[in-house]
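This report refers to the structure that appears directly beneath it.
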Amino acid sequence: MLRRAQILEQLRHGLIASCQPVRGGPLDAPAMVAALAQATIAGGAVGLRIEGLADLAATRPAVSVPIVGLVKREVAGSPVYITPALSDVRALAEQGADIIAVDATLRPRPVEVGALIEAIHAQGCLAMADVSTLEEGLMAHALGADLVGTTLSGYTDYSSKQQGPDLELVRALAGQGVRVVAEGRIATPLQARQALDAGAFAVTVGTALTRVEWVTRGFVEALREVTR
């Protein structure tokens, strides 16, 4: 397990590659995810975001960079699906996550955000709070989250819907002294750089790097527009 200061220094102003394949697609296999992770590191990524215990278990021995681990699963009576339970925190730590990401929105939830962050720190890991608004980010920061991600901006009923990354949220959080990870709808190198310019501590990119089906579909649809 990497030390906290070492992890943060490795991630500072760098690219975190989110290796989460299209579920049910041809790359949806732990060995494939580990290979995607290694490929992004070869390209210069300084960290990884890996979802699912099997994918994390396959990736951890293959890489030495910090890994943000999470699980996604539905919970009855709650819209929260990113690492919703204390048992998820323990399982991710056991599989070698350095950082554990949790949904830190203000929606109804099975476990309070503060309890999740406390549990993450008890496991010796850093806590990353995925939020959708400034209020949520500041709350998570006050509760001790080491990193705050703009991951869920536009994905809650009450957050701003936009085509590209929520750079205003990045700027607002950074302006309040929050160590913010820009994440969500970052599709180009220019947008990634704009996120850093807005004050991001680090930038996470997923679909544009590792969801080959979705990237390909974008090119195909653009060509169809010309031939219609």
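The values are calculated or read from the model by the stated rules, or taken from the named source; none is laboratory data. Note that the structure is predicted; figures quoted are calculated from it, not measured. Quick reminder, even Gly has a Cβ in these numbers, built from the backbone with ideal geometry, and neighbours come from all protein chains shown.
Details
- Hits in segment 69-83 - residues which are of a type in the set (K, R) and surrounded by 14 or more Cβ atoms within 10 Å (Cβ to Cβ): K72
- Members of segment 31-57 found to be over 14 Å from A91 (Cα atoms), among the aliphatic types (A, V, I, L, M) and either out of contact with any strand residue (DSSP E or B) (no Cβ under 8 Å at 6 or more places or on another chain) or assigned to a helix (DSSP H, G or I) (or both), listed by number: A31, M32, V33, A34, A35, L36, A37, A39, I41, A42
Here is a yes/no grid of residues against (1) at pLDDT 95 or above; (2) assigned to a helix (DSSP H, G or I); (3) surrounded by 21 or more Cβ atoms within 10 Å (Cβ to Cβ):
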| position | (1), (2), (3) |
| --- | --- |
| G137 | yes, yes, yes |
| V148 | yes, no, yes |
| G154 | yes, no, no |
| Y158 | yes, no, no |
| V170 | yes, yes, yes |
| V181 | yes, no, yes |
| I186 | yes, no, yes |
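- Residue, surrounded by the most Cβ atoms within 10 Å (Cβ to Cβ), within segment 84-135, restricted to residues that are of a type in the set (D, E, K, R) and part of a helix (DSSP H, G or I): D88
- Boolean, D28 is acidic (D, E), in a helix (DSSP H, G or I) and over 28 Å from G199 (Cβ atoms): no
- Pair list, Cβ < 6 Å and 6+ apart or interchain, from segment 150-170 residues that are farther than 16 Å from A200 by Cα to residues that are modelled with pLDDT under 95: G154/K161
- Residue ID - surrounded by the most Cβ atoms within 10 Å (Cβ to Cβ), chosen from residues in segment 5-33 that are free of Cβ contacts under 8 Å to residues at least 60 places away in the same chain, under 18 Å from the mean Cα position of the chain (by Cα) and under 20 Å from C125 (Cα atoms): Q10
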